[in-house]
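K.L.:
Below is the structure I would like to discuss, written out as structure tokens.
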């Protein structure tokens with residue numbers, strides 16, 4: 001831990017696992033938290049870890065948020081509920097996305113508590129409470145201070161923060177911490193989560209110069225993604241195959257980023273007449289709310305998307321696209337026999353309206369299920385990816401007769417090659433890059449970096 005005045009860094013989540021990102025920096029008695037994410041896994045373990053912080057929330061002076069994904073922000077309302085009263089720093093887009101995402105998370109907490117309490121009532125067990133509610137989210141949002149990319153700001157007399165575009169999701173930031181210590185300054189780069197070059201809609205990740213130490217994720221440090229252009233082609237092919245069979249394409253998609261990417265590609269494929277102009281339904285209130293936030297933040301867009309907006313075109317609107325909010329309208333889709341594309345959440349097929357669309361379409365061999373996101377173990381999405389002959393939906397078994405098309409090119413995380421290239425670009429910009437701390441897949445990615453640069 002070092003001497004009394006020496007800055008310390010503790011990794012409290014997101015280490016050798018892909019959820020629950022949370023890191024604590026202490027400088028001269030001041031404590032700063034970087035991210036406060038939900039741990040996601042088996043229900044009992046998840047609740048225990050999310051409910052209990054390994055520190056007193058009242059002791060934290062400030063929270064720095066890298067981006068709006070729930071595994072980086074989902075436990076913020078609980079932190080506030082348990083006594084945190086400091087400032088929460090993020091980019092402007094991240095703040096607006098958190099308002100939407102955390103309210104949805106609170107709703108899920110309340111619904112989960114109701115479900116668990118039904119079981120507890122039958123077993124004469126004590127009821128559980130949601131980790132937090134809408135009121136806790138609203139209190140949390142009052143603590144946010146929004147900072148644009150590239151503008152440095154003081155968190156304390158010893159710590160200055162600057163956000164740079166991560167190219168991961170809307171508003172995501174690579175966070176640079178300039179730490180003063182005994183007349184010297186150390187520059188720490190929090191390169192989590194790093195995006196990819198050439199993704200649609202968003203700008204490419206900014207290469208940060210002059211870093212002394214880098215904390216770098218390596219979620220995909222042991223694998224390579226397909227080219228994003230290949231993902232567009234594969235999506236085109238599955239749509240055309242399904243259309244010829246007279247079927248429907250069901251796309252489970254995360255409400256944040258993945259849904260917007262798919263809409264972008266569908267618009268482009270329709271404009272180029274590479275797919276028929278089918279009806280497209282976005283059946284997810286959260287995805288609709290997130291898309292509205294996207295429209296507010298063109299400053300995060302790449303040149304192509306900004307060009308579209310300048311010329312009066314909306315990347316998230318085209319003829320035949322329908323945004324579905326009302327439950328009645330969602331139910332009506334199943335009675336329409338014509339070929340169509342349905343985009344719905346949740347992305348891993350564990351909850352939400354996607355379950356109803358799968359239930360109604362999975363046993364028809366004319367239909368297709370296009371898997372465009374990572375599916376964790378023990379989820380319905382993973383069982384579909386593995387093409388199990390029968391899967392359970394709402395407790396009932398259904399035969400998996402629909403085509404399953406897995407498209408692996410849509411990831412918004414840098415892969416092994418892209419992570420190493422980023423380090424290479426940063427390495428050329430500075431005299432020395434002495435420390436690479438890889439949080440995940442540490443051996444494989446660090447081995448490759450050392451081979452090339454050290």
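K.L.:
At q = 0.14, 0.17, 0.23 Å⁻¹, what log₁₀ I(q)/I(0) does a Debye calculation on the Cα points of the stretch 61-105 give, no solvent, two decimals?
P.N.:
Each listed q maps to, in turn, -0.28, -0.42, -0.79.
K.L.:
Another question about this same structure. Based on a Kirkwood Rh over C-alpha pairs, give the Stokes-Einstein translational diffusion coefficient of the stretch 158-258 at 25 °C and viscosity 0.890 mPa s in µm²/s.
P.N.:
Result for D is 148 µm²/s.
K.L.:
What's the center-to-center distance, using Cα atoms, between the stretch 269-323 and the stretch 17-69 in Å?
P.N.:
With the stretch 269-323 and the stretch 17-69 each reduced to a Cα centre, they are spaced 34 Å.
K.L.:
If you don't mind, another one. Rank by packing, highest mean first: peptides 165-172, 382-389, with packing defined as the count of other Cβ atoms within 10 Å averaged across residues.
P.N.:
Most protected by this proxy first, the peptides run 165-172, 382-389.
K.L.:
For the stretch 228-406, take every pair of Cα atoms, bin their distances at 10 Å starting from 0, and report each bin as a whole percent.
P.N.:
9, 39, 37, 12, 2
K.L.:
As an exercise, use a Förster radius of 35 Å and the Cβ-Cβ distance of residue 332 and residue 46 to find the FRET efficiency, rounded to the nearest 0.05.
P.N.:
After rounding, the FRET efficiency stands at 0.50.
K.L.:
On full extension of the chain, what length is gained from residue 318 through residue 8, given 0.36 nm per residue of separation minus the C-alpha to C-alpha distance?
P.N.:
106.5 nm
K.L.:
Determine the distance separating the Cα centre of the stretch 337-408 from the Cα centre of the stretch 181-216; give it in Å without decimals.
P.N.:
Using only Cα atoms to place each centre, the spacing works out to 37 Å.
K.L.:
If r is the Cβ-Cβ distance from residue 311 to residue 274 and R0 is 22 Å, what FRET efficiency results, to the nearest 0.05?
P.N.:
Given R0 = 22 Å and the Cβ-Cβ separation, E is 0.55.
K.L.:
Hey, can you rank 300-306, 395-401 by average C-beta count inside 10 Å, highest first?
P.N.:
The peptides rank, most packed first, as 300-306, 395-401.
K.L.:
If you restrict to DSSP beta bridges whose two residues both lie in the chain, what percentage is antiparallel, to the nearest 5?
P.N.:
Taking every DSSP beta bridge with both residues in the chain, the antiparallel ones total about 50 percent.
K.L.:
Go through 263-273, 118-128 and give me the packing order, highest mean Cβ count within 10 Å leading.
P.N.:
263-273, 118-128
All of the numbers you see were taken from the coordinates with simple rules; none came from a lab. Everything quoted here is computed from the prediction, not taken from an experiment. Here the Cβ is made from the backbone with ideal geometry for all residues, glycine too, and neighbour counts use every protein chain on show.
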